[in-house]
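Beneath this line is the structure, given in structure tokens, with notes to follow.
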Amino acid sequence: MSTLSERILGAPAGAYVDREVDIAFAHDGTGVLAREALREMGVERLPHPERLRLIFDHIVPANTGTTATLQAELRGYARSSGIALSDAGGGICHQVMSEGVVRPGMVVVGADSHTCTLGAFGAFATGMGATDTAAVWASGATWFRVPETIAVNLSGRLSCAAEPKDVALAYVAKLGMEGATYRALEFAGDGAAGLSMDGRLTLSNMAVETGAKAGIFYADAATVRYLAEYGLAASPQMPEDCRYERTVEIDLSDIVPLVAVPHRVDTVREAEEVAGTHLDQVFVGTCTNGRYEDLARFARIVRGRKVAVRTLVVPASRTVLTRAIATGVLADIVDAGCMVAPPGCGPCLGAHAGVLGEGEVCLSTANRNFRNRMGVGGEIYLSSVATAAVSALAGVIAVPEGV
Amino acid sequence: MQGVGPAICLGNDIDTDIIIAGRYLRTKDRSVWAEHAFEDLDPTLAGRLGGAVIVAGRNMGCGSSREQAVVALREAGVVGVVAPSFARIFFRNAVNVGLPVIEAPVSCTDGAHVAFDLDAGWVEVDGERHPARPLSEKMVAILRAGGLVPYWRSCR
């Protein structure tokens, strides 16, 4: 009787295992360091290039000559080593991996902390550093300590003003920034079954903000249906009776619009409490909330109106962007006065394209609001897409109602 | 594996963005990261890291997986990092670049004399000894080799 992590890694919690990895990816930032590590290790041929991916998403297109040169070198390495490359404009690594690559039961590692996003498919997916990733590329395997698991039991249904991001902020607030360090989170319960894949990806994405190694959903009919759209066959995973370290209960019908206030992701208030807070920028996108459902929800709210503050929308992938163009969602967003940037991480990590100035305040749909992250002296509030949309229209933090 | 040095004390939840900001990541020149370590926390801190032991609070190194954070500390000459708990990617990254990390519940004053012995499993602050949580065999072997790259080379 095992947790899903124990089942996939094939050993009980606490055990150390060496495990073959099904997919290992890095991005334009960490890929450079992984390449350097491989050079220093003296590795010339990679045993399983078909399992590896390089995905340019962090600073795309390149912002400086130095960045461009590093990316050009990495592009050349992808070509010569046989690693599939998703070049600038393809989208955020976790989103690209969620579009018909990751399947239930896989072991996935990525040189990015938000690799836990892919747990939404019932895969064991976790982030690691660049040198660890280089060793996986060189050997095809790595070591894991099988984590203990905390269950997040979701019951009930979301009200129309709340969305999966509010649930994510709620569980991060409940657990705290180190409440799940070294553990896996397993999202279960009737409420989990009612969430779309886009919503599940949002919940899994923020697992690392509690220190968790993974944030996993059991694959079910919705997972199978989603993957079938990408031509992939998958089977549901049945939960077994198992030993959780503890269980956190969340009734979705209690969830209201929430906002994480500067500078901690686990300092969460009801949006109502911070309504009226002045904003200099609204940012919608990232591996947390840049998916099609997010853009469509945003467009539904801003359609036919004008935003009152500079607003940046960054689709998580080219697939998301293409779909938003086809359905008119993108036109609604642009017509409302928003800027749209190429698919990627945008200004989330404060490296380019929308950084904050001293004293500026941003409402963002991302997952981190560390001090100075988006620019020295800037303040970051984190919210759902609907809260971001009504706030963009108001020019101050506002509360969505029945959208 | 042993180390000694004066303590530099940091608080809880030190994130990797504050260790090395996103704006400095795009380079292969490791000295850049050492030079700008903790810049947004205290611009004078980078200059004092050489030969020191960082004694941090809970959840040290949370956030981004950026390995530049641990490389910055190693390149700046940090002898080791002690904390009651670490974010797991930071912890693993530190071992992989050969930076000793010691998980132990110690309290700290700046400049206190810190000594640690990872093989024996203890850390001392001004002579007061605390047990350190043992590392796995694999982690000890990697750390002893000086990091994952030299470990890899020695295993081939």
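Relative to the current alpha-carbon distance between residue A:193 and residue A:394, full extension at 0.36 nm per residue lengthens the span by 68.9 nm. Determine the distance separating the Cα centre of segment A:356-403 from the Cα centre of segment A:241-313; give it in Å without decimals. Cα centroid to Cα centroid, the span is 9 Å.
The distance from the alpha carbon centre of segment B:31-98 to that of segment A:49-106 is 27 Å, rounded to a whole number. The label-point distance for residue B:156 and residue A:84, in a model that sets each label 7 Å from Cα toward Cβ, rounds to 2.7 nm. Less than 12 Å Cβ to Cβ from residue A:307, Lys/Arg counted +1 and Asp/Glu -1: what total charge do the surrounding residues give? Here the count lands on +2.
Each Lys and Arg adds +1 at its Cβ and each Asp and Glu adds -1 at its Cβ; summed about the Cα centre, the protein assembly as shown shows a dipole of about 1220 debye. Ordering A:281, A:76, B:3 by the projection of their Cα atoms onto the charge dipole of the protein assembly as shown, which places +1 on the Cβ of Lys and Arg and -1 on the Cβ of Asp and Glu, puts A:76 at the extreme positive end. Couplings 3J(HN,Hα) for segment A:26-41, derived from phi with the Karplus relation 6.51 cos²θ - 1.76 cosθ + 1.60 (θ = phi - 60°), are 9, 10, 5, x, 6, x, 4, 6, 5, 4, 4, 4, 4, 4, 5, 6 Hz, where x marks Gly and Pro. Under 5 Å between amide hydrogens, built in the peptide plane, is the criterion, and for residue A:183 it picks out A:213 among residues at least 5 positions away or on other chains. Taking Cα centre as origin and charging only the Cβ of basic (Lys, Arg, +1) and acidic (Asp, Glu, -1) residues, the dipole magnitude of segment B:2-155 rounds to 640 debye. By the count of other C-beta atoms within 10 Å, a proxy for reagent exposure, A:226, A:77 are ordered fewest to most as A:77, A:226. Remark on residue A:398: its backbone amide H falls under 5 Å from those of A:276, A:391, a criterion applied only to residues 5 or more positions apart or on other chains, H modelled at 1.01 Å from N.
Stretching residue A:17 away from residue A:243 to a fully extended chain increases their span by 79.4 nm, per 0.36 nm per residue minus the current alpha-carbon distance.
Measuring nothing but how far apart in sequence close Cα pairs (under 8 Å, 6+ apart) lie, relative to its length, chain A scores a relative contact order of 18 percent. Legend: residue pairs A:174/B:28; A:165/B:28; A:165/A:213, Cα-Cα distance threshold 29 Å; pairs beyond threshold, A:174/B:28; A:165/B:28. Simple spin-label estimate for residue A:228 and residue A:40 gives 4.9 nm between the two label positions (7 Å along the Cα-to-Cβ direction from each Cα).
Derived scalar couplings between HN and Hα for segment B:86-101 equal 10, 6, 5, 5, 4, 4, 5, 4, 4, 4, 5, 9, x, 9, x, 10 Hz in order, rounded to whole Hz, by the Karplus curve 6.51 cos²θ - 1.76 cosθ + 1.60 (θ = phi - 60°), x for Gly and Pro.
Adding -39500 (n - 2.57) for every DSSP H run of four residues or longer, then dividing by how many residues chain A holds, sets the calculated 222 nm ellipticity at -9000 deg cm²/dmol. Using a simple spin-label model with pseudo-atoms 7 Å out from Cα toward Cβ, residue A:63 and residue B:140 lie 4.4 nm apart. Most simply put, segment B:2-155 has about 55% antiparallel DSSP beta bridges, counting only bridges with both residues inside it.
Taking the helices alone, chain B has a mean residue ellipticity at 222 nm of -7500 deg cm²/dmol, built from -39,500 (n - 2.57) per DSSP H run of at least 4 residues and averaged over all its residues. Close amide H pairs (under 5 Å, H built 1.01 Å from N) link residue A:55 with A:26, A:27, A:28, A:86, residues at least 5 positions away or on another chain.
Between residue B:41 and residue B:117, the contour length at 0.36 nm per residue exceeds the alpha carbon distance by 24.4 nm.
None of the figures in this text is laboratory data; all of them are computed from the coordinates on show. Just so we're clear, the structure is a prediction, and the values are computed from it rather than from any experiment. A quick note on method: Cβ atoms are made from the backbone with ideal geometry, for glycine too, and the neighbour counts reach across all protein chains shown.
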